[in-house]
1. Given Cα pairs under 8 Å that are at least 6 residues apart, what percent is the relative contact order of the chain?
2. Quick one: what does P(r) look like for the chain with 5 Å bins over all Cα pairs, in whole %?
3. Where the only charges are on Cβ atoms (+1 Lys, Arg; -1 Asp, Glu), what is the dipole of segment 107-255 about its Cα centre, to the nearest 20 debye?
4. Taking every DSSP beta bridge that has both residues in the chain, what percent is antiparallel when rounded to the nearest 5?
5. Given a Förster distance of 41 angstrom, what is the FRET efficiency for ASP234 paired with ALA126, based on the Cβ-Cβ distance and rounded to 0.05?
6. Under unit Cβ charges (Lys, Arg +1; Asp, Glu -1), what dipole magnitude, rounded to 20 debye, does the chain have relative to its Cα centre?
7. Would you mind checking segment 184-224 for residues with the amide N under 11 Å from a putative spin-label position 7 Å along Cα→C-beta of TRP154?
8. At 0.36 nm per residue, and after removing the present C-alpha to C-alpha distance, how many nm does the segment from GLU97 to ALA218 gain when stretched out fully?
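The values are calculated or read from the model by the stated rules, or taken from the named source; none is laboratory data. Keep in mind the model is a prediction, meaning the values are calculated, not measured. Note: ideal-geometry Cβ built from the backbone for every residue, glycine included; neighbour counts use all protein chains shown. Surface areas here come from the heavy atoms of the whole protein model, side chains and all, with no ligands, DNA or RNA. Shrake-Rupley method; radii C 1.70, N 1.55, O 1.52, S 1.80 Å.
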Amino acid sequence: MVCGCIDIGSNTTRVLVAEASGGQLRELLQRRAFTRIGKGLKPGAEIPRAKIEEVAGVVASHRELAEQVGADPVRTVATAAIRGAANRDEFVEIVGERGGVEVTILEGEEEARLAFLGATRTLGRALEGLVGVVDVGGGSTEIAVGTVEGGVSWWASFRLGSGHLADEYLHSDPPAAAELQAMSAHAAGVFGALDVPRPDAAVAVGGSAASLRRLVGAVLEPETMQRALRVLSDAPCAEVADRFALDPQRVRLMPAGMLILDAAAQSLGCPLLIGRGGLREGVLLELAGGMIGGA
């Protein structure tokens, strides 16, 4: 069974196609475009028509790629930047029509639930007890806590993402110490008063987390966070990107994403394992499960 997911996020628009079997996914195709829908977009503002057209073209291309490798069905989801836009209905209509898809805008709870499913089922190791999942996107961060067997029992969504934080504070390349301190204080202020159930283990997912794996390995903890921050602040984006085979646009956003993850980890009270799957994998697992269940 081959399923596809197109994920329209605040920073990137991505497609993932995988073969699903026995609750496992085997990746067949993955592509990404930095569409930056959330750049300069305030909550309640309109997404510019030119940006909608750009995204519609990317979605059409992603859908064609998915269909070429046999994906059926292909589900298209949109997250924070779109759900907070004044013209969200116009976005869904134009992207749906020109991209040849049906776009579903995920609310925060659904985004958290699907990220939890994808993170916990693709990590490659057993997770016992209470598990936390932190999904840092470009325009929002979702935290979900639950068990692998029972699913999410607690969740929260925050209007705080790597794109918004970077756009507000990062004006130097490499980032200045004052900019990093300001972002850290902002993130800490968002999560500081959070009354979250303390998990036995926690997983980080999203673009920033996946990219940080190349810098620090499989676990984000205070020592590795500081090491990553030194790497990101000691050289220009282009140099770091070349050194670690990353996209320069992603490297620019990584300090913001990492500081959000650090603040979330402090709220959860444990290190973060870097996940191998998140929202898109959760969508595919649910698609496959629904098809099997309906067969």
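1. 21
2. 1, 6, 13, 17, 19, 18, 14, 9, 3, 1, 0, 0
3. Its charge dipole is roughly 380 debye.
4. 65
5. Working from the Cβ atoms, E equals 0.65.
6. 480
7. 194-200
8. Length gained, GLU97 through ALA218: 39.5 nm.
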